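Colleague: Take a look at the following structure, please.
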Amino acid sequence: MLRMRRRSRTICLYLAIITIFLHLVLVLFSASMYHLPCDPPLPTRMSIHRELAHIHHISPVISDPPEPPADARQDFSKVDANKSAKGYLKMLYDKDLAEPAESGMSKLEALFDHPLYNLPSRPIPEEDWLFKVQPNAKNHDKMLILSANSWVSASRDGYEDVDWKNSSSHPPWLRFHLGISRWQLYPHRDPNMEPLTQHLANSRIVSAVQRSGGTQLKLVMSFPNYGQAMLKPMKQERNEETNYNLYYFSDFERHNAEIAAFHLDRILGYRRIPPVVGRLVDVVKEIKDITTDLKLARTFFTSPVGNVCFYGRCSYYCSTEHAVCGRPTALEASLAVMLPDPALAARRSWRSPWRRSYSRTKLAEWETNPDYCSSVKRTAPYNKGTRLVDFIDLVILDFLMSNMDRHHYETFEKFGNDTFLLHLDNGRAFGRHSKDEPSILAPLKQCCRIRRSTWYRLRLLSLPQYQLSDVMRSSLSHDPLSSVAPLLAEPHLAALDRRLAAVLQTVSGCLKQQSEKGGDEVFYEDLDHLKDLFASAD
Ligand SMILES: Nc1ncnc2c1ncn2[C@@H]1O[C@H](COP(=O)(O)OP(=O)(O)OP(=O)(O)O)[C@@H](O)[C@H]1O
Ligand SMILES: [Mn+2]
């Protein structure tokens with residue numbers, strides 16, 4: 001009896017253990033089921049970005065590091081003694097010493113070869129890259145990359161298989177993203193510039209949709225290698241001037257202004273505008289036939305002379321009266337390479353302290369208060385670091401191209417306040433050549449502050465052998481659309497030289513005022529670490 005009871009107790013115990021075990025197995029199994037991924041959705045550019053962003057949050061690895069920019073690798077000791085910056089700088093002050101650019105060398109080449117554009121710089125520390133890259137990823141990280149990339153390369157109609165793991169096969173747009181650092185979008189003499197512009201100009205267009213937000217018509221174009229570009233169509237003939245009765249905020253956006261702004265920004269040595277190229281787009285084959293944007297598709301029509309036109313949906317100039325038309329299907333447009341998705345690299349938008357009122361009747365405070373800058377100088381972030389002189393750099397660019405529409409500017413959030421300003425949205429520049437707009441220079445006049453290096457480069461561009469209008473003409477002649485017509489009409493090029501002289505005069509006025517009445521230093525000394533090189537230059 002006792003034996004029987006003991007045996008049944010043992011059996012019960014076994015049964016209980018087996019039940020608990022089965023239960024555990026069931027729990028574990030269902031937990032693993034829960035974590036199994038669903039079938040990956042078809043890859044989209046956003047999903048690539050999300051995946052990359054995800055990787056960034058978990059580990060700072062994408063793949064092998066991109067080539068460090070050429071100028072980051074340069075070292076101080078390697079500066080050519082014969083072409084020392086000192087000698088060249090003397091030349092800025094004594095025009096008789098000005099040497100002609102080496103024969104056969106274009107003025108643009110000579111400019112970009114100048115020591116002022118090749119100043120030695122320290123290597124870029126890891127935290128100063130927009131995207132951190134580590135060559136020796138741990139296995140765990142590599143697994144993450146592989147899983148991310150496998151769903152990126154799952155083929156989709158019209159898109160190519162890209163080997164994201166191998167940095168040597170990275171498409172140019174990704175190299176551009178990986179080369180963005182705290183102080184510039186791309187390095188001087190960037191080896192990726194040619195492939196990137198070729199990519200924008202020639203890649204097959206697999207998708208075209210209207211970009212939401214913003215006031216005027218623009219499209220987001222996608223390419224087979226997952227690259228994207230922002231398209232602005234031609235709306236105005238090159239030699240046309242904006243109607244004098246139009247306010248700046250009612251002006252058209254011009255595709256050639258976006259292109260020319262990119263070239264000017266690079267010539268000024270800023271490198272703060274994402275590369276833009278011109279392209280003849282077939283409005284039927286490359287927009288109408290492939291768009292998935294029904295709202296956009298509904299706005300296509302054929303004009304009385306047989307040209308294909310469309311107008312899209314937006315708050316300004318999106319109507320039949322302002323349609324953009326092909327000839328009969330070829331449309332000139334600007335394509336700007338897309339910056340990394342904000343999910344991957346958040347941007348901050350800053351209101352310009354010298355913002356216009358955007359009203360026909362009101363004036364902004366800076367227009368009536370000549371002492372306005374002293375309060376800005378005391379206000380963060382303009383009271384520290386380079387923010388004020390960075391803003392002045394932007395003001396100079398805007399004055400040269402007569403852009404009155406700079407209400408905001410953006411920065412990459414990752415870099416906090418110590419970073420360059422993105423010079424996006426230049427479509428309303430180059431509207432008038434016969435008139436300058438002195439109010440754009442108000443911040444320079446009121447603050448009397450400028451980076452020393454900017455001042456030197458501006459002086460260089462005023463010398464006959466590097467003349468701004470000539471280097472701009474030469475630079476723009478590399479754009480694919482220049483074969484259709486020069487991107488800036490001659491009067492616009494001439495206006496650049498005239499306006500450059502006005503900027504130099506304003507700074508000279510500041511220097512004079514400072515020596516007579518005292519006041520804050522005019523120059524922000526950003527070349528102090530190269531003192532020896534520049535000693536006795538001024
Ligand atoms: N190359 C780019 N890559 C990614 N985003 C961009 C790029 N260029 C512009 N943007 C973003 O798109 C927004 C709208 O572009 P843009 O300002 O050129 O158009 P817009 O119609 O003039 O807009 P708005 O009327 O607001 O000034 C910009 O504020 C900027 O954040
Ligand atoms: Mn705008």
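Colleague: Just in segment 431-505: which trypsin sites (Lys or Arg not before Pro) are loop by DSSP and have at most 14 other Cβ atoms within 10 Å?
Modeller: Counting only loop positions with at most 14 other Cβ atoms within 10 Å, the trypsin sites (Lys or Arg not before Pro) in segment 431-505 are 435.
Colleague: Then there is this: Compute the length gained on full extension between residue 365 and residue 508: take 0.36 nm times their separation in residues and subtract their Cα-Cα distance, giving the result in nm to one decimal.
Modeller: 48.9 nm is the gain from fully extending residue 365 to residue 508.
Colleague: In whole Å, what is the distance between the alpha-carbon centres of segment 385-432 and segment 157-224?
Modeller: 22 Å
Colleague: Rounded to the nearest 5, what is the percent of antiparallel bridges among the DSSP beta bridges in segment 347-534? Before the final figure, lay out each step's value.
Modeller: Numbers: 6 of 8 bridges.
Antiparallel: roughly 75 percent of the beta bridges in segment 347-534.
Colleague: Now for a different question. Out of the trypsin sites (Lys or Arg not before Pro) in segment 303-356, which ones are loop residues according to DSSP with at most 15 other C-beta atoms within 10 Å?
Modeller: Listed in order of number, the matching sites are 313, 355.
Colleague: For q = 0.22 Å⁻¹, what log10 I(q)/I(0) does segment 326-442 give under the Debye formula with an equal point scatterer on each alpha carbon and no solvent?
Modeller: Log10 I(q)/I(0), no solvent term: -1.38.
Colleague: Next up: Loop only by DSSP, 13 or fewer other Cβ within 10 Å of the Cβ. Give me the GluC sites (Glu not before Pro) in segment 206-305 that pass, ordered by residue number.
Modeller: Numbers: sites: 237, 240, 241, 253, 258, 286; in loops: 237, 240, 241, 253.
Here the GluC sites (Glu not before Pro) that fit, given the DSSP loop and packing criteria, are 237, 240.
Colleague: While we're looking at this one, here's another question. Along Cα→Cβ, 7 Å out, is where each label goes; now give me the distance between the ones at residue 330 and residue 348 in nm to one decimal.
Modeller: 4.7 nm
Colleague: Take the alpha carbon atoms of segment 189-250, find their radius of gyration, then divide it by 2.2 N^0.38 Å using N residues; give the quotient.
Modeller: 1.48
Colleague: Please state the relative contact order of segment 347-534 as a whole percent: Cα pairs under 8 Å, 6+ residues apart? Intermediate results must be reported in sequence, preceding the final value.
Modeller: Values: 204 pairs, mean separation 42.4, N = 188.
Relative contact order, segment 347-534: 23 percent.
Colleague: Over 27 Å between Cα atoms: which of 232/362; 362/435; 165/414; 384/517; 235/414; 235/362 fall into that group?
Modeller: Beyond 27 Å between Cα atoms: 232/362; 235/414; 235/362.
Colleague: Taking only protein heavy atoms into account and a 1.4 Å probe, give the accessible area per residue of segment 293-413 in Å².
Modeller: That works out to 46 Å² per residue.
The values are calculated or read from the model by the stated rules, or taken from the named source; none is laboratory data. The shown structure was predicted, so the numbers you read here are calculated from the model rather than taken from an experiment. Glycine also receives a Cβ, built like all others from the backbone with ideal geometry; neighbour counts cover every protein chain displayed. To get the accessible areas, we keep the full protein, side chains included, count just its heavy atoms, and leave off ligands, DNA and RNA. Shrake-Rupley method; radii C 1.70, N 1.55, O 1.52, S 1.80 Å.
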